[in-house]
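**Student:** My questions all concern the structure below.
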Amino acid sequence: MMLKKYTTSILLLLAAAPFSQGQDKALVNTSKSQFAKLQAVNLTDVKWTTGFWADRYEVCEKSMMPHMLDMYLNDSISHGYANFEIAAGLKEGEHIGPPFHDGDFYKMLEAAIVIAAENNDKALTEKIDSIIAVIGMTQRADGYIHTPVMISERLHPETKKTFSERMDFETYNMGHLQTAACVHYRLTGKRTLMDIAIRATEFLYNYYKDHAHELAQNAICPSHYMGVTEMYRTLGDPRYLELATGLIDIRDQVEDGHDHNQDRIPFRRQTKAQGHAVRANYLYAGAADVYAETGDQSLMAALDAIWNDLVGNKLYITGGCGALYDGVSPNGTTYDQPSIQQVHQAYGADYELPNLTAHNESCANIGNLLWNYRMLQVTADAKYADVMERVMYNSLLAAVSLDGIRHFYTNPLAVADELSHDLRWSKDREPYISYCNCCPPNTARTVAEINNYMYSLSDDGLYVNFYGANELNTTLENGDVLQLDQQTDYPWDGKVELKVLNTLKNEMTLHLRIPAWCKDAGLTVNGQPVAAKPEAGTYFAVSRKWKKGDQIRLNLPMPVQLMESNPMVEETRGLVAVQRGPVVYCVETADLPAGTNVFNVAVDAAKELKPEPIEIDGAKMIALKGEGVLLTGSSWKNKLYQPVNLDEKATRIALSFVPYYAWDNRGKGEMSVWILLKR
């Protein structure tokens, strides 16, 4: 009765309240979060116009999202939707697929929701409405929703398996339902998906109150920390904040905890990024959400320590994270061999960053983006945007082919013909990853929502977090409407022009991010240089009463940089990576003479690499071309060691680097981000 009472009251409250047209249509709504310094603009406030992100969004809208959605609706390929139909009694059959299949489908649905709303796509909207109706038919009377259990209960009514298997991912699935529901309600005003999410959240709240210890054991990949917090932000029910906070607190009750799931020791005592990287990053993002609402400094202390460990010891140059396929936790091991904790898809030890066997699951890289975005919101510190940008232009987009059809589960930084192309997961992108298709819909929704990361609002004005040609039409916190046009060919060109399209009533501060990689930025306002010099890795503030026609020109020089790693990273000691602006590059055999091994190629430090426009599979980009060296010394066939050949010959060759995200779009071949250096 208590569940019914609360659920009915909050549904009536939601029905009575008019849908707000204010600043609450953001992906992550911190507009009322007491401890967040920034809030996002509405998802519909930013429209791509031309250039890089306009092209990537168009691929997502016209290819990536519809292709993936069609596969989920085709039960000969995926049971992602069929499981809901079976659970609803619309089809006969059994559950097929991993237990987290529901969550993957909710991510796919979220991508479709955003694209339908942003483009006023009525046909897609009708399809979404019909899908939501079927999802609702699967929900149990108490609010529980999870198709593996619902189908089992339908086939075997005497069983009730709620939270009977720790690896059943029930709360993970509900978390993605909650997130998708908040986005759907904010963009459309419709309650259909939100009503389902409310009942699921009420179920979790009541289960938390009555069975906290049991619920603590079932927090695998805790997307529900973000989901429950977003439900609180949407509805304002204080019980939901109590639940979000309590979900983190009860982690301390886990028995026989494991570094793999970040619950061997209480979260607030953790200082290292550890265990399964997706689960870790979702946990960290959720904890940052709770901090934004509560200001709990013990959460921020842990997040700061873990972030410093990640960025200082465990982050790939591409923004990828989670180096290990399989390994042993460097934090939980003991001299007692049976108690050593195995991990997989996980963070390893400090500086353990292999290239050929790098795991870097696409979902982990996206989790890194989600976490850093929330840290940016609560702190307004540009260092978090720098990490986000590293992910956005490198490991995020590497997860999907340029045509939006094929996807990676893992993201290595090197591929060699001599070693298997299939280290459990294929080293070629696949249209549908049958064993575990969690990453493709996650990529689709992230690309669809990138526009919401571009700007943030603050008490004094606007933060420009990232650069890409777009039009902004938003309402500032003081009530002023701001219309802004951004013109740029970023990330290929560092020249950015912002034009104010309307006169503001009040003074506004414009905070422009100066990326950490840019050491000589220049800025003019209406043709006049600013007095102070913009500093790399910070936001540069310009305050004035802006009027129609004001122009801000930002110049971010993009020299080609040869990057080296900390010498403690054994796998890249003595090697270099090539970076220009935020884009990391790689060498592929497609650009080398036939039969050339990429690991025998060296970049010549004395020779300039020059930017040159190219196209790969219809996508425009900048390659870096110049002269390199091919080492043609002794054969390594059937040899592990041999004396150094001081007479090794070096042949001059034309050398071309392509963006890392564009690799594997021209057929099979070798690839490497890190290569030899000729000084």
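**Student:** Just in segment 150-184: which GluC sites (Glu not before Pro) are loop by DSSP and have at most 10 other Cβ atoms within 10 Å?
**Tutor:** Values: sites: 153, 158, 165, 170; in loops: 158, 165.
When the GluC sites (Glu not before Pro) of segment 150-184 are filtered for loop state and at most 10 Cβ neighbours within 10 Å, 158 remain.
**Student:** Determine the alpha carbon to alpha carbon distance for each of 32/190; 32/209; 383/545; 314/637; 32/62 and list only those over 30 Å.
**Tutor:** Details: 32/190 22 Å; 32/209 26 Å; 383/545 28 Å; 314/637 33 Å; 32/62 35 Å.
From the list (32/190; 32/209; 383/545; 314/637; 32/62), the Cα-Cα distance tops 30 Å for 314/637; 32/62.
**Student:** I would also like to ask the following. When a/c is below 1.5 the answer is rounded, else prolate if a/b is larger than b/c, else oblate, so apply that to segment 557-610 with a ≥ b ≥ c taken from the square roots of the Cα gyration tensor eigenvalues. Please report the intermediate quantities before stating the final value.
**Tutor:** On the way: a/c = 1.89, a/b = 1.14, b/c = 1.65.
Judged from the Cα gyration tensor, segment 557-610 comes out oblate (a/c at least 1.5, b/c at or above a/b).
**Student:** Could I ask something else about it? Once label points are set 7 Å from the Cα along Cα→Cβ at both residue 126 and residue 209, what is their separation, rounded to one decimal in nm?
**Tutor:** Label-label distance for residue 126 and residue 209, simple model: 4.3 nm.
**Student:** In the chain, what percentage of the DSSP-assigned beta bridges are antiparallel, given to the nearest 5?
**Tutor:** Working: 80 of 87 bridges.
For the chain, the DSSP antiparallel bridge percentage is about 90.
**Student:** Right, next: Which of the GluC sites (Glu not before Pro) found in segment 358-441 are in a DSSP loop and have at most 11 neighbouring Cβ atoms, other than their own, within 10 Å?
**Tutor:** On the way: sites: 361, 389, 418; in loops: 361, 418.
Sites meeting the loop and neighbour criteria: 418.
**Student:** Quick one: order 656, 339 from most to least accessible surface, probe 1.4 Å.
**Tutor:** Numbers: 656 15, 339 45 Å².
Putting 656, 339 in descending order of accessible area: 339, 656.
**Student:** What are the membrane-span-like helices in the chain by this rule: whole DSSP H runs, Cα extent along the axis at least 20 Å, mean Kyte-Doolittle hydropathy at least -0.5?
**Tutor:** Working: long enough: 2-16 (21 Å, 1.18); 101-119 (27 Å, 0.14); 122-137 (23 Å, 0.93); 170-188 (27 Å, -0.35); 192-216 (32 Å, -0.21); 277-294 (25 Å, 0.17); 362-379 (26 Å, 0.21).
The answer, listed by residue number, is 2-16, 101-119, 122-137, 170-188, 192-216, 277-294, 362-379.
**Student:** Another one. For 466, 599, give me the order by solvent-accessible area with a 1.4 Å probe, most accessible first, ignoring ligands, DNA and RNA.
**Tutor:** Numbers: 466 0, 599 75 Å².
Reading off the accessible areas and sorting them downward yields 599, 466.
**Student:** For residue 351, what is the net charge nearby, where nearby means another residue's Cβ is under 12 Å from its Cβ and Lys, Arg count +1, Asp, Glu -1? Walk me through the numbers on the way to the answer.
**Tutor:** Working: positive: 314, 573; negative: 309, 350, 352, 570, 571.
Taking every other residue near residue 351 into account, the sum is -3.
**Student:** Between (i) 54, 28, 23; (ii) 40, 32, 24; (iii) 49, 28, 24, which entry matches semi-axes √(5λ) of the Cα gyration tensor in Å as derived from the coordinates of this structure?
**Tutor:** Derived directly from the coordinates: (ii).
**Student:** Does segment 220-322 come out rounded, prolate or oblate by the C-alpha gyration tensor, with a ≥ b ≥ c the root eigenvalues, rounded set by a/c under 1.5 and, if not, prolate when a/b is larger than b/c and oblate if not? Write down the numbers at each step before the final one.
**Tutor:** Working: a/c = 1.84, a/b = 1.49, b/c = 1.24.
It is prolate, given that a/c is not under 1.5 and a/b is the larger ratio.
**Student:** Restricting to DSSP loop positions (anything but H, G, I, E, B) with no more than 15 other Cβ atoms inside 10 Å of their own Cβ, which GluC sites (Glu not before Pro) remain in segment 227-303?
**Tutor:** On the way: sites: 230, 242, 255, 293; in loops: 255.
Qualifying residues, ordered by number: 255.
**Student:** How big is the antiparallel share of DSSP beta bridges in segment 573-679, given as a percent to the nearest 5? Mind dumping the intermediate values first?
**Tutor:** On the way: 26 of 29 bridges.
Bridges in segment 573-679 that DSSP calls antiparallel: roughly 90 percent.
**Student:** If you find the alpha carbon centre of segment 20-71 and of segment 230-286, how far apart are they in angstrom?
**Tutor:** After rounding, the separation between the Cα centres reads 26 Å.
**Student:** Take the alpha carbon gyration tensor of segment 133-286, find the square roots of its eigenvalues, order them as a ≥ b ≥ c, and report rounded if a/c is under 1.5; if not, report prolate when a/b exceeds b/c, else oblate.
**Tutor:** Numbers: a/c = 1.86, a/b = 1.26, b/c = 1.47.
It comes out oblate by the Cα gyration axes.
**Student:** Here's another thing I want to ask about it. Could you go through segment 530-541 in sequence order and give the Karplus-derived ³J(HN,Hα) for each residue, using 6.51 cos²θ - 1.76 cosθ + 1.60 with θ = phi - 60°, rounded to whole Hz, and x for Gly and Pro?
**Tutor:** Per residue, the Karplus-derived 3J(HN,Hα) values read 6, 5, 8, 8, x, 9, 4, x, 9, 9, 9, 9 Hz.
**Student:** Separate question: What's the carbon and sulfur percent of the chain's accessible surface, probe 1.4 angstrom, rounded to a whole number? If you can, show how the numbers build up before the last one.
**Tutor:** Working: 13020 of 25720 Å².
Accessible surface attributable to carbon and sulfur in the chain totals 51 percent.
**Student:** If contacts are Cα pairs under 8 angstrom and at least 6 residues apart, what is the relative contact order of segment 134-185 in percent? Could you put the intermediate results ahead of the total?
**Tutor:** Details: 20 pairs, mean separation 13.3, N = 52.
Reported as a whole number, the value is 26 percent.
**Student:** I've got another one for you. So what is the 222 nm mean residue ellipticity for the chain from helices alone, if each DSSP H run of at least 4 adds -39500 (n - 2.57) and you divide by all residues, rounding to the nearest 500 deg cm²/dmol?
**Tutor:** On the way: 16 runs with 220 residues, N = 679.
Mean residue ellipticity, 222 nm, calculated: -10500 deg cm²/dmol.
**Student:** Next question. Using a probe radius of 1.4 Å on heavy atoms only, what accessible surface per residue do you get for the chain? Whole Å² is fine.
**Tutor:** Details: 25720 Å² over 679 residues.
That works out to 38 Å² per residue.
**Student:** Below 15 angstrom from the Cβ of residue 496, what's the summed charge of the other residues (Lys, Arg +1; Asp, Glu -1)?
**Tutor:** Details: positive: 495, 499, 513, 553; negative: 389, 471, 485, 489, 493, 497, 520, 550.
Net charge around residue 496: -4.
**Student:** Quick one: how many Å² of residue 558 are accessible to a 1.4 Å probe, rounded to 10?
**Tutor:** For residue 558, solvent-accessible area is about 20 Å².
**Student:** Further, regarding this structure: Rounded to the nearest 10 Å², what accessible area does residue 55 have for a 1.4 Å probe in the complete protein model?
**Tutor:** Accessible area, nearest 10 Å²: 70 Å².
**Student:** So, in Å, what gap is there between the alpha-carbon centers of segment 395-467 and segment 470-485?
**Tutor:** Going from one Cα centre to the other spans 30 Å.
**Student:** How large is the accessible surface of residue 419 in square angstrom, using a 1.4 angstrom probe and rounding to the nearest 10?
**Tutor:** Its accessible surface works out to 90 Å², give or take rounding.
**Student:** How would 192, 446 line up by accessible area, probe 1.4 Å, largest first?
**Tutor:** On the way: 192 70, 446 5 Å².
Correct descending sequence by accessible area is 192, 446.
**Student:** Here's another thing I want to ask about it. Tell me, what is the percent relative contact order of segment 491-550, built from C-alpha pairs under 8 Å that lie six or more residues apart? Walk me through the numbers before you get to the answer.
**Tutor:** Numbers: 88 pairs, mean separation 29.2, N = 60.
RCO, segment 491-550: 49 percent.
**Student:** By a straight-distance test (C-alpha under 20 Å), which aspartates and glutamates pair with residue 620 as possible cross-link partners, with residues fewer than eight away in the same chain excluded?
**Tutor:** 55, 58, 61, 389, 403, 489, 493, 588, 591, 612, 664
**Student:** Report the charge-dipole magnitude of segment 172-271 in Debye, nearest 20, computed about the Cα centre from +1 at each Lys and Arg Cβ and -1 at each Asp and Glu Cβ. Don't skip to the answer; put the middle values down first.
**Tutor:** Working: 11 positive and 13 negative charges, 102 e Å.
That gives segment 172-271 a dipole magnitude of about 480 debye.
**Student:** If you don't mind, there's one more thing I want to ask. When only C-alpha pairs under 8 Å and at least 6 residues apart count, what is the relative contact order of segment 32-137, in percent? The partial results should precede the final answer.
**Tutor:** Details: 61 pairs, mean separation 22.7, N = 106.
Computed over segment 32-137, the figure is 21 percent.
**Student:** Roughly how many debye, to the nearest 20, is the charge dipole of segment 573-662 about its Cα centre, given +1 on each Lys and Arg Cβ, -1 on each Asp and Glu Cβ, and no other charges?
**Tutor:** On the way: 10 positive and 10 negative charges, 47 e Å.
Result for segment 573-662 is approximately 220 debye, rounded to the nearest 20.
**Student:** Still on this structure, I have one more. Post the alpha-carbon centroid distance, segment 499-557 to segment 594-647, in whole angstrom.
**Tutor:** Here the two parts' Cα centres lie 40 Å apart.
The values are calculated or read from the model by the stated rules, or taken from the named source; none is laboratory data. If you're wondering where the values come from, they're calculated on a predicted model, not measured in any experiment. All Cβ positions, glycine included, derive from the backbone under ideal geometry; neighbour counts span all protein chains shown. Heavy atoms of the whole protein, side chains included, go into the accessibility calculation; ligands, DNA and RNA do not. Shrake-Rupley method; radii C 1.70, N 1.55, O 1.52, S 1.80 Å.
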